[in-house]
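*Asks:* Below is a structure I'd like to ask you about.
Bear in mind these aren't lab numbers, they're just calculated from the coordinates by the rules spelled out. What you see is a predicted model, and the numbers here were worked out from it, not measured in a lab. Counting neighbours? That spans all protein chains shown, and the Cβs are built from the backbone with ideal geometry, glycine included.
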Amino acid sequence: MKSQTIISNRKYYHHKNKSRLRSVLAMAFTFMLMLLIIGTGVSYKVSLTEEINNNGREAAKIDTKIKSLKREIAYLKIRREELSSWDNIKKKIVQFKLPLKPARYGQIVVIDSGPSRHTVKGNKRAVVSAHSTSVQSY
């Protein structure tokens with residue numbers, strides 16, 4: 001009888017150890033799963049923060065480029081005005097010794113501007129010559 005009690009005690013302890021092992025494994029699995037979820041969340045947050053910082057640096061570079069292009073555009077507009085001024089055109093005519101001839105009849109186009117709030121006295125007509133760089137008002 002004592003041997004039977006020892007065997008049943010062994011079964012009891014063996015069953016109890018299995019149950020304890022299962023609960024320990026279940027807790028360890030739950031703990032590992034929670035660590036995995038938390039680690040994934042932290043990693044995702046770090047990657048988002050890094051992406052935000054990279055986008056901020058890229059936006060600053062683009063903003064600097066836009067400002068530079070705006071300055072260049074302003075300079076080019078001023079330069080265009082300087083080059084298309086009548087004084088500059090006269091200098092180029094003298095520099096390249098360009099002979100100017102009066103326009104022939106077929107080269108003259110009459111543009112009737114009609115009444116305008118900018119005209120002081122009635123209608124004005126502009127005569128534009130193909131070879132002339134000036135506009136004459138009548």
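*Asks:* Say R0 is 30 Å: what FRET efficiency, to the nearest 0.05, do Leu76 and Ser113 get from their beta-carbon distance?
*Replies:* 0.50
*Asks:* Once phi is turned into θ = phi - 60°, what whole-Hz ³J(HN,Hα) does the Karplus curve with 6.51, -1.76 and 1.60 give for every residue of segment 65-75, x standing for Gly and Pro?
*Replies:* 5, 4, 4, 4, 5, 5, 5, 5, 4, 4, 4
*Asks:* For the pair Ile66 and Val94, how long in nm is the line joining their label points, each one 7 Å along Cα→Cβ?
*Replies:* Here the modelled spin labels are 4.5 nm apart.
*Asks:* Separate question: Report the per residue volume, in Å³, of the convex hull enclosing the C-alpha atoms of segment 20-110.
*Replies:* Dividing the Cα hull volume of segment 20-110 by its residue count gives 204 Å³.
*Asks:* Here's another thing I want to ask about it. In nm, to one decimal, how far is the modelled label at Arg57 from the one at Met27, with both set 7 Å along Cα→Cβ?
*Replies:* A separation of 4.6 nm, rounded to one decimal place.
*Asks:* Would you please give the FRET efficiency between Asn17 and Ile37, computed as 1/(1 + (r/R0)^6) with r the Cβ-Cβ distance and R0 = 35 Å, to the nearest 0.05?
*Replies:* The pair Asn17/Ile37 has a calculated efficiency of 0.70.
*Asks:* Around Tyr44, what is the net charge, scoring Lys/Arg as +1 and Asp/Glu as -1 over all other residues with Cβ under 14 Å from its Cβ?
*Replies:* Charge balance in the 14 Å sphere: -1.
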